[in-house]
1. For the chain, what is the per residue volume of the convex hull drawn over the alpha-carbon atoms, in cubic angstrom?
2. Once you have the Kirkwood Rh of segment 241-312 from its Cα pairs, apply Stokes-Einstein at 25 °C and 0.890 mPa s and quote D in µm²/s.
3. Share of Cα-Cα pairs in segment 314-374 beyond 13 Å, in percent?
4. Fewest to most neighbouring Cβ within 10 Å: what's the order for 398, 222, 60?
5. Could you work out how much longer the chain between residue 420 and residue 41 gets when fully extended? Use 0.36 nm per residue separation minus the Cα distance between them, nm to one decimal.
6. Can you give the FRET efficiency to the nearest 0.05 for residue 154 and residue 206, using r as the Cβ-Cβ distance and R₀ = 22 Å?
7. Compute the whole-percent fraction of alpha carbon pairs in segment 23-229 spaced more than 26 Å apart.
8. Give me the distance in nm between label points sitting 7 Å out from Cα along the Cα-to-Cβ direction at residue 14 and residue 349, one decimal.
Ligand code: UD1
C-alpha cells in the first residue's frame, strides 16, 4: 500500500498560503556544511522527505544533526568519520551525489555511489566528474561507485558543456577549499546557485560572479560554521500561482521573492495574468476564460524552469486555444501528459513538443504521479476537474512539497490522504 490523494474538484481557493524554504537550495546548503568543520544553524528548512534522507547521510558520514524546531536544523561537523556514501542512500535521492565535492576537498580518498536514472531522464553525472578531474582528482568507476583520489588538487579552468545545476554546485563546494583559482564557465545561474554561493561566502569562501556564467573561486583554508536562512521556494510559489489561476481562486501567496519568478512571471503576464506584490505577499488575477494561449520552451535559468513545466502545461490545458510546451532540459519529462489526457485534456507530443488543444473541461479520474512536479500538477488538475480525482504514488510529492495537502486544504481544497494499492 502507498499513500495517495483523493481530491474533490472545483472548490474555490481563498486565503493566505505560505511558501516554505526552497528544497533545491536547502539540499546543497545542507551538504555544504560538510565542506568545513564547525557548528551550523540552518533556518527556513522545508519539512521534506528528501531533507530527512539527507540528514541520515550526514549522520552516516559522521556529522551530528539536530532538528531544533519545525524549520531549524543544527549541524555539527567535527570531521568525516567515513569516506563512503552508499548506494542505499544515494539511490533514494539523486542530490546526495553532491557530497562528492566536499568529500574530494576534505579527504584524500572517497567513494560515492553513482545515482541511477529517474522517471524524467537518464541524468548522467559526467560533467561533475570531468570537473573533478580538471581539479586534479583521479576518478575511477568500480561496481557502480565512483572512487576519487584527491591528494594533488589545485584550482583549474572548468568549462561546462551544459550549465548543469548539480555540476556547478558540486564543483563550487570542492573549489572553495582547493588551493588556487578555479573558474567555472558556462556555469548554472539559478537563484539556488546564488543561495548556495552566499552560504559559502558567509562561511569565508572567496567567490565572484554568482548569477553569471563565469564563477570565479579562490580556494581558502579557513572556512567556518555559520547561521543561514534558506531562500523561499520559487517552484512551490509558482505552483500556488497556478493553483490560484486554475481554480479561479483568490490566493495570497506569502514568503515569496518576486524576482525569482523571472520568466515564469513574464510568460503569465503575456497570457494576460496580472500580479500584485505587496511586502512579500503576491496575488494573481486572471480570468481563465480570457487568458491567451502561449508557446513555451524550458531552458536553464534565466529561461523558463523545467520544474514549472507540468504545472504550466495544466494552465495551458485550461486556457482556450492552441498552446505548446517544448522541454529541452530533460529528455523524458512528459509523463503527466497521458494522465492529463485521461482527465479529458487534448495534448499530443511531437518531436519533444507538446501541442495542447486547450479549453476542454477536465473530469476527475484515477491518475498516477510519476515524479515530483508531475505529481503536483496532477493534484492541481484534480482541483480544477469536475468530480473526484485519485492521485496515486504521492510519495513523489512528499519528497519535495512541504505539507502540500494541508496547505491547500487550509485555503479551501478538499484533499484526503488515503492508502492505495500501487
Ligand atoms: C536540478 C534540480 C531539479 C531541476 C534541474 C534543472 C536540485 C536538487 N534539482 O537538478 O529540480 O529540474 O536542476 O533545473 O536542485 N546533465 C548531464 N551531465 C551531467 C549533469 C547533468 O548530461 O553531468 C544533464 C541532465 O541529464 C539533464 C540536464 O543536464 O538533462 C540538467 O541537469 P542539471 O542541471 O544537472 O539538474 P540537476 O542538478 O540534476
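1. Values: hull volume 53.8 nm³, N = 422.
About 128 Å³ per residue, rounded to a whole number.
2. For the chosen part, D equals 194 µm²/s.
3. Values: 1088 of 1830 pairs.
The proportion of pairs with Cα distances above 13 Å equals 59 percent.
4. Numbers: 398 19, 222 8, 60 15.
Least to most surrounded, the residues fall as 222, 60, 398.
5. Working: separation 379, 0.36 × 379 = 136.44 nm, distance 3.83 nm.
So the extension gain works out to 132.6 nm.
6. Numbers: r = 15 Å, r/R0 = 0.69.
With R0 = 22 Å, the Cβ-Cβ based efficiency is 0.90.
7. Numbers: 5323 of 21321 pairs.
Considering segment 23-229, 25 percent of its Cα-Cα pairs are separated by more than 26 Å.
8. The answer from the label model is 3.9 nm.
Rule-based calculations on the coordinates, nothing more; no lab input. The structure presented is a predicted model; accordingly, all values stated were derived computationally and were not measured. Cβ sites come from the backbone with ideal geometry, for glycine too, and all protein chains shown count toward neighbours.
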